[in-house]
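The values are calculated or read from the model by the stated rules, or taken from the named source; none is laboratory data. Source: prediction; values computed, not measured. Here the Cβ positions follow ideal geometry from the backbone for every residue, glycine too, while neighbour counts run over all protein chains shown.
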Amino acid sequence: MPGTLIIITAPSGAGKTTLVRGLLERDSQIQLSVSYTTREPRAGEAHGCDYHFVDIAEFRELRDRGEFLEWAEVHGNYYATSKVWLKEQIAAGRDILLEIDWQGAQQVRKAFPDAVGVFVLPPSLEELEARLRGRGTDSDDVIARRLLGARGEMRHIGEFDYVILNNELRCAVDDLVAVVRASRLRYPNQHLRHLHYFDFLEQD
């Protein structure tokens, strides 16, 4: 009875992390996949909870051993998803939420073609820039690179199943919760999870 894999992607600053936090508070049945990264932790982030923070040498060692399902370099930092852990969780029937960039999403969907893809959009590029500057953590050069990258990322929006416009946070969280619940109601999922309800389909 496999679980459901939800992939959520967004440009940096679109509010993806806040949306994910809202989803996890409202849906206890879904678990967040903890990615590996070589970037420095932001304020309030914890190792093993938000990310597995590793240095470049350790990251490359894990990658070369085949530990990652996918990996990518984003804004000068490396990110990756644990292959073994993710497959074990899905096979055990757990619903997993994976925060990832569009490149990683392409790689993951090759291994999990039934994964549900969600793309989060900011209200505008002007609002995206305001949010990035509001963090107070990035230089002007980094913000400029992120804005340029955001335009490229958003060109891949057609590769995803659902699009959420993060204009008003409460509504955006409602939308994400609705997507997750709807994904569980797809026929293959319902059939596998509730076989006894579908016995009549096998009868003449």
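If the requirement is being at pLDDT 90 or above and touching a Pro at 6+ places or on another chain (Cβ under 8 Å), which of these qualifies: 128, 165? Even if it seems obvious, please write down each step before you answer.
Values: 128 fails: at pLDDT 90 or above.
Result: 165 is the single residue among 128, 165 that is at pLDDT 90 or above and touching a Pro at 6+ places or on another chain (Cβ under 8 Å).
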inquiry  = Within the stretch 38-55, take every residue that is farther than 22 Å from residue 134 by Cβ and touching a residue at least 12 places away in the same chain (Cβ under 8 Å) and give me the one that is surrounded by the most Cβ atoms within 10 Å (Cβ to Cβ).
reply    = 38
ask   = Looking at residue 90, is it surrounded by 15 or more Cβ atoms within 10 Å (Cβ to Cβ) and out of contact with any helix residue (DSSP H, G or I) (no Cβ under 7 Å at 6 or more places or on another chain)?
value = yes
Test for residue 128: is it buried (at least 16 other Cβ atoms within 10 Å of the Cβ) and part of a helix (DSSP H, G or I) = yes
request  = Kindly provide the set of residues from the stretch 133-153 that are of a type in the set (A, V, I, L, M), farther than 15 Å from residue 76 by Cβ and over 21 Å from the mean Cα position of the chain (by Cα), ordered by number.
outcome  = none
request  = With the condition kept exactly as written, say whether any residue in the stretch 4-23 is in contact with a Phe, Trp or Tyr (Cβ under 9 Å, 6 or more places away or on another chain) and more than 23 Å from residue 132 (Cα to Cα).
outcome  = yes
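Look at the stretch 132-146 and say how many of its residues are surrounded by 14 or more Cβ atoms within 10 Å (Cβ to Cβ), under 15 Å from residue 40 (Cα atoms) and of a type outside the set (Asp, Glu).
Step one: filter the stretch 132-146 for residues surrounded by 14 or more Cβ atoms within 10 Å (Cβ to Cβ), giving 132, 138, 142-143, 145-146.
Still in the running and under 15 Å from residue 40 (Cα atoms): 138, 142.
Checking the rest, the ones that are also of a type outside the set (Asp, Glu) come to 142.
Counting residues in the stretch 132-146 that are surrounded by 14 or more Cβ atoms within 10 Å (Cβ to Cβ), under 15 Å from residue 40 (Cα atoms) and of a type outside the set (Asp, Glu) gives 1.
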query = Of all residues in the stretch 176-193 being under 21 Å from residue 24 (Cα atoms) and of a type in the set (A, V, I, L, M), which is surrounded by the most Cβ atoms within 10 Å (Cβ to Cβ)?
reply = 176
message = For the stretch 59-77, which positions are at pLDDT 90 or above and among the aromatic types (Phe, Trp, Tyr)?
response = 59, 68
Flag if residue 173 is touching a Phe, Trp or Tyr at 6+ places or on another chain (Cβ under 7 Å), β-branched (Val, Ile, Thr), surrounded by 11 or more Cβ atoms within 10 Å (Cβ to Cβ) and under 21 Å from residue 24 (Cβ atoms) = no
request  = Quickly run through the stretch 1-19 and pick out the residues that are buried (at least 21 other Cβ atoms within 10 Å of the Cβ) and of a type in the set (A, V, I, L, M, F, W, C).
outcome  = 5, 6, 7, 8, 10, 14, 19
query = Can we say residue 45 is in contact with a Phe, Trp or Tyr (Cβ under 8 Å, 6 or more places away or on another chain) and either under 23 Å from residue 163 (Cβ atoms) or in a loop (DSSP other than H, G, I, E, B) (or both)?
reply = yes
remark   = Flagged in the stretch 1-23 as modelled with pLDDT under 95 and touching a Leu at 6+ places or on another chain (Cβ under 6 Å), in numbering order, are 1, 13, 19
inquiry  = Looking at the stretch 56-81 only, could you name the residues that are charged (D, E, K, R), exposed (fewer than 13 other Cβ atoms within 10 Å of the Cβ) and over 25 Å from residue 134 (Cα atoms)?
reply    = 61, 64, 65
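Go through the residues of the stretch 108-119 one by one and say whether even a single one is at pLDDT below 85, surrounded by 15 or more Cβ atoms within 10 Å (Cβ to Cβ), within 23 Å of residue 73 (Cβ to Cβ) and touching a helix residue (DSSP H, G or I) at 6+ places or on another chain (Cβ under 8 Å).
No, the conditions are met nowhere in the stretch 108-119.
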